[in-house]
Amino acid sequence: MLIRLNKAHFPVTVLGPGRRVGIWLQGCSIGCPGCLSRDTWPAEDGREISVAALIEWCRTVSADTLDGITISGGEPFDQPAALACLLGELAAWRMAIGAGFDILCYSGYPLRTLQARHQSILAMLDALIPEPFVESLPLGGAWRGSSNQPLVVLSERARARYGECDAIPAPSPARRLQVAVERDRIWYIGIPDRGDMARVEERCREQGLVFTRTSWR
């Protein structure tokens, strides 16, 4: 099974608890105004990779030692068959090594829509952050871009790890973003507050670094 991928990174420490593998899928039919990941929207961009190869990469970079997997995009549920295949292989990996890592997935679709259309996929997740991003709303709690987005616990594993998830506050500015560099690209990983990216650009410009292309404009 092939899956269309934008990028993957380890460790991710700002999109869920602990040290995580982050997987960003390519293609989004929702296109929330103000989205900071517009590079993930075009379904024809990114690259196709086999689910088996992606799992092997996850195992190699994490050395089978991780706290969780975070799947984002793009819109993961725009590739339902590939997403289901990926989740099945992640579950098999988890069982094979006797690990307790959790699987968290983001989606811009309303929770009711996902429950109606993709209940079998939800059953393979530990936690879900659904609902469209709304730029006019403030940050939500931890790991959420706007306050309309809940953190939905779907398994006992997640219940033990996330606890009272809606009571977890948004992290401090110093803990909201990670920076990753790959060849000629700089990635900002995480959930910035309103205006954070403009401030990042300004500080970089002061140091002589000018962004020629950004994903948030």
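The values are calculated or read from the model by the stated rules, or taken from the named source; none is laboratory data. Just so it is clear, the structure is predicted and the values come from calculations on it, not from any experiment. Don't worry about glycine lacking a Cβ; one is built from the backbone with ideal geometry, like all the others, and counts go over all protein chains shown.
Odds and ends about this structure:
- The one condition from (1) under 19 Å from LEU25 (Cα atoms); (2) touching a Leu at 6+ places or on another chain (Cβ under 8 Å) that ALA91 does not meet is (2).
- Reported count of residues in the stretch 60-74, each being part of a helix (DSSP H, G or I) and buried (at least 16 other Cβ atoms within 10 Å of the Cβ), is 1.
- Inside the stretch 1-27, residues that are over 13 Å from the mean Cα position of the chain (by Cα), crowded, with 18+ Cβ neighbours inside 10 Å and of a type outside the set (Gly, Ala, Ser) make up a count of 2.
- Just so you know, in the stretch 44-74 the residues that are small (Gly, Ala, Ser) and in contact with a strand residue (DSSP E or B) (Cβ under 7 Å, 6 or more places away or on another chain) include one that is nearest to ILE3 (Cα to Cα), and it is SER50.
- Filter result for ALA91 (outside any strand (DSSP E or B) and under 14 Å from CYS58 (Cβ atoms)): yes
- Complete set of residues in the stretch 186-204 that are closer than 21 Å to ARG144 by Cβ and either exposed (fewer than 13 other Cβ atoms within 10 Å of the Cβ) or in contact with a His (Cβ under 8 Å, 6 or more places away or on another chain) (or both): TRP187, ILE189, GLY195, ALA198, ARG199
- Among the residues of the stretch 132-166, just one is out of contact with any helix residue (DSSP H, G or I) (no Cβ under 9 Å at 6 or more places or on another chain), farther than 13 Å from GLY34 by Cβ and aliphatic (A, V, I, L, M), namely ALA160.
- Per the listing LEU15, LEU25, the residue uniquely touching a residue at least 40 places away in the same chain (Cβ under 8 Å), closer than 18 Å to ALA81 by Cα and not polar (S, T, N, Q) is LEU25.
- As a summary of the residue check, SER29 satisfies the conditions (1) assigned to a helix (DSSP H, G or I); (2) among the hydroxyl-bearing types (Ser, Thr, Tyr); (3) under 18 Å from CYS105 (Cα atoms) except for the one numbered (1).
- Selection within the stretch 142-160 - in contact (Cβ under 8 Å) with a residue 24 or more places away in the chain, closer than 23 Å to GLY100 by Cβ and of a type outside the set (D, E, K, R): ALA142, TRP143, LEU151, VAL152, VAL153, LEU154, SER155, ALA158
- Restricting the stretch 105-132 to residues that are within 22 Å of ARG59 (Cα to Cα) and touching a strand residue (DSSP E or B) at 6+ places or on another chain (Cβ under 7 Å) leaves a set whose member that is surrounded by the fewest Cβ atoms within 10 Å (Cβ to Cβ) is ASP126.
- Residue within the stretch 192-212 that is modelled with pLDDT under 75, under 25 Å from ASP39 (Cα atoms) and more than 16 Å from the chain's Cα centre (by Cα) present: yes
- Qualifying positions in the stretch 90-123 - in contact (Cβ under 8 Å) with a residue 24 or more places away in the chain, touching a Phe, Trp or Tyr at 6+ places or on another chain (Cβ under 9 Å) and among the hydroxyl-bearing types (Ser, Thr, Tyr): TYR106, SER107, TYR109
Results for (1) modelled with pLDDT under 95; (2) touching a His at 6+ places or on another chain (Cβ under 9 Å); (3) surrounded by fewer than 17 Cβ atoms within 10 Å (Cβ to Cβ), shown as yes or no for each residue.
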site	(1), (2), (3)
ILE103	no, no, no
VAL134	no, no, yes
ARG159	yes, no, yes
GLY163	yes, no, yes
ASP184	yes, no, yes
